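Sharing a structure here in structure tokens format.
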Amino acid sequence: MLLKLKLYIIFKIGEIKLEIKKVGNRGVLFKFFYLQDTGFGVTTNVYLINTKNYVFVCDTFLGPDSMKEVKNYIDINLPNKIIIIFNSHYDWDHIWGNCIFKENIIISHKLCRNNIIRAGEKELEVYSEYKRGDVEIIPPNLTFDNKISFEEEGVEFFHSPGHTNGSASCIDLVDKVLFAGDNVEYPIPYFQADNIYDYKDTLEKYLNLDIKKVIPGHGEISNKSLIKENITYINNIITGDIEEYLDFKYRKVHLENLNRIGKSI
């Protein structure tokens, strides 16, 4: 299959429909549809940044089989460049493909690595029906506290507690694209930790970044408007103005969020 990219292509790899789309001057979005027809009902994004010396890959989806086409794309289009993997957080649907890149540098926040070591094998057992290929839990081998910068490449990874306490984000300073992982979601964010004020602080810091596009871990490419909508939701949780979120559009995630942070309706 030819993987030379013009604008975008859509094809199937086994049961997985995949869209590959150019973003900006040096980004490539791999959008996987496999979880869309499950109880999760989401598409999942893997984002590639082609820089002068490296290829950065943000998140690794459901295993080696799902990441083969990403690796093939790199081998064909970007040969002889060093591949660096970034895990935005520890959730199973974002890290199972690490094992196909286990000889490469894999970067995350230190809490993310700790959580993968703590919960990785259990999540593999619980969600094993979704794995794509022979998954081996591979924790990151390079971690940071606050941030790690590749200045010559115009890429920076920074701690952004929100969806999880160990969540981190990637900013492409050249194309002005933020990969936010699961910190930004439509229509409302999903709390996996009780750090609601840290979460709000992270989203407000996003607004101060010089960015044009926001790529969430799931769903469509957006911009700062989605960040603002997520902040509005968190503010309404804090003030108790939450009646509208009992609507079907929000209800399931909203009630799970309330349970997570210990609030009732």
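Give just the number: which of (1) surrounded by fewer than 22 Cβ atoms within 10 Å (Cβ to Cβ); (2) in contact with a helix residue (DSSP H, G or I) (Cβ under 6 Å, 6 or more places away or on another chain) does Gly63 not satisfy?
(1)
Is there a residue in the stretch 205-219 that is crowded, with 20+ Cβ neighbours inside 10 Å, within 25 Å of Asn115 (Cβ to Cβ) and touching a Cys at 6+ places or on another chain (Cβ under 7 Å)?
Looking for residues that are crowded, with 20+ Cβ neighbours inside 10 Å, within 25 Å of Asn115 (Cβ to Cβ) and touching a Cys at 6+ places or on another chain (Cβ under 7 Å), one finds none in the stretch 205-219, hence no.
Any residue in the stretch 190-210 that's basic (Lys, Arg): show its pairings with residues that are in a helix (DSSP H, G or I) at Cβ separation under 6 Å, as long as the two are six or more apart or on different chains.
Lys200/Ile234
Looking at the stretch 87-107, which of its residues are out of contact with any helix residue (DSSP H, G or I) (no Cβ under 8 Å at 6 or more places or on another chain) and more than 14 Å from Phe30 (Cβ to Cβ)?
Asn98, Lys102, Glu103, Asn104, Ile105, Ile107
Here's a follow-up. Go through the stretch 36-75 and count every residue that is part of a loop (DSSP other than H, G, I, E, B), among the hydroxyl-bearing types (Ser, Thr, Tyr) and under 18 Å from the mean Cα position of the chain (by Cα).
Number of matching residues: 2.
Scan Ile137, Ile117, Ile83 and give me the residue that is closer than 28 Å to Lys176 by Cβ and more than 17 Å from the chain's Cα centre (by Cα).
Ile83
Output the number of residues of the stretch 149-185 satisfying the condition of being closer than 13 Å to Tyr199 by Cβ and of a type in the set (Asp, Glu).
2
Mind listing whichever residues of the stretch 95-116 are among the β-branched types (Val, Ile, Thr) and touching a Phe, Trp or Tyr at 6+ places or on another chain (Cβ under 6 Å)?
Matches in the stretch 95-116: Ile107, Ile116.
Let me ask something else about it. What number of residues within the stretch 175-189 satisfy the criterion of being crowded, with 17+ Cβ neighbours inside 10 Å and touching a helix residue (DSSP H, G or I) at 6+ places or on another chain (Cβ under 8 Å)?
9
Being more than 27 Å from Lys22 (Cβ to Cβ) and either out of contact with any His (no Cβ under 7 Å at 6 or more places or on another chain) or β-branched (Val, Ile, Thr) (or both) is true for just one of Gly162, Gly154. Which residue is that?
Gly162
Also, quick follow-up: Working only within the stretch 232-251, note down all residues that are within 30 Å of Ile20 (Cα to Cα) and either surrounded by 16 or more Cβ atoms within 10 Å (Cβ to Cβ) or without any contact (Cβ under 8 Å) to a residue 60 or more places away in the chain (or both).
Result: Tyr250, single match.
Taken together, the values in this text are just the output of simple stated rules run on the coordinates, not laboratory data. As the structure is a computational prediction, the values presented were derived from the model and not from experiment. For neighbour counting, all protein chains shown are included, and Cβ atoms are generated from backbone atoms with ideal geometry for every residue, glycine included.
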